[in-house]
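Asks: Starting off with a structure, shown below.
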Amino acid sequence: MKCQHCEKPATFHITELTDPSGPVIVHLCEEHARVYLSQDNAGSPTNALAGMLAKQLKLEQTAESLAKLDKKTCPHCGISFAEFRQAGRLGCPYDYVFFQSDLEPLLLNIHGAKLHRGKQPSRKSGSPDRQHQMIQLRREMQASIQKEDYEQAGKLRDSIKKLEQENEAELPVDAPQIASQDLPQDSPPGAESA
């Protein structure tokens, strides 16, 4: 469908229910929708609704900035922001840190706050940076074992144990203690086996 004011494809389809004769449907391209939604008749309920819609859609974010954001890729797991938007899931704990500035507006829009206000898991798994560090250390330890560099593997094992002890020290008093040997070695920290 084409825009009612030009030949561009219509990307905004607005139905106004304020006219007594019935609903009025408007089909507009992004450029004309921006003009339509920013009209300054505050007395009209239609334009008040259009103003709220304009805030919700954040029309200032152009297709160029969205395309640039979609190319942003996590250096650890390789997921792009476009893949996250498509799947709705992040690839690793570090993504929350890497995409933080891009996720905050999304979280504010969906949840109304940046902080979680609900239940917390009984076992604390640590910050995403610490989780990423432990995953990286485990990978390096496995690589050292494959190369038969057991001295380096032992040092990495000690580093992992130290991080695990720091995590346990941060656990709440009533939280159940889970030994590291109960968890599979190749899974990220915080993942429990069924």
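Asks: So, in nm, how far is label Glu166 from label Glu30 when the simple model puts each one 7 Å beyond its Cα toward the Cβ?
Replies: Going from the Glu166 label point to the Glu30 one covers 4.4 nm.
Asks: Write out the trypsin sites (Lys or Arg not before Pro) in the stretch 77-116 meeting two conditions: DSSP loop, and at most 13 other Cβ atoms within 10 Å of their Cβ.
Replies: Working: sites: Arg85, Arg89, Lys114; in loops: Arg89, Lys114.
Here the trypsin sites (Lys or Arg not before Pro) that fit, given the DSSP loop and packing criteria, are Arg89, Lys114.
Asks: In the stretch 86-158, if the dipole is taken from +1 on Lys/Arg beta carbons and -1 on Asp/Glu beta carbons about the Cα centre, which of Phe98, Gln86, Tyr150 is farthest to the positive end?
Replies: Toward the positive end, the furthest listed residue is Gln86.
Asks: Could you work out the per residue convex hull volume over the alpha carbons of the stretch 128-171, in cubic angstrom?
Replies: Roughly 48 Å³ of hull volume per residue.
Asks: Return the FRET efficiency for the residue pair Asp158, Gln136: r is the Cβ-Cβ distance, R0 is 22 Å, and the value is rounded to the nearest 0.05.
Replies: Values: r = 15 Å, r/R0 = 0.69.
Computed FRET efficiency for Asp158 and Gln136 comes out at 0.90.
Asks: Mind grabbing the base-10 log of I(q)/I(0) for the stretch 63-111 at q = 0.13, 0.16, 0.22, 0.24 Å⁻¹? Debye formula, identical points on the C-alpha positions, no solvent, two decimal places.
Replies: Computed log10 I(q)/I(0) values: -0.27, -0.41, -0.78, -0.92.
Asks: Something else: Check each of the GluC sites (Glu not before Pro) in the stretch 77-149 and keep only those in coil by DSSP with at most 15 other C-beta atoms within 10 angstrom; list them in order.
Replies: Of the GluC sites (Glu not before Pro), the ones in loops of the stretch 77-149 whose Cβ has at most 15 other Cβ atoms within 10 Å are Glu148.
No lab work stands behind these numbers, since they all come straight from the coordinates. Keep in mind that what you see is a predicted model, and the values were worked out from it rather than measured. Cβ coordinates were reconstructed from backbone atoms using ideal geometry, including for glycine residues, and neighbour counts include every protein chain displayed.
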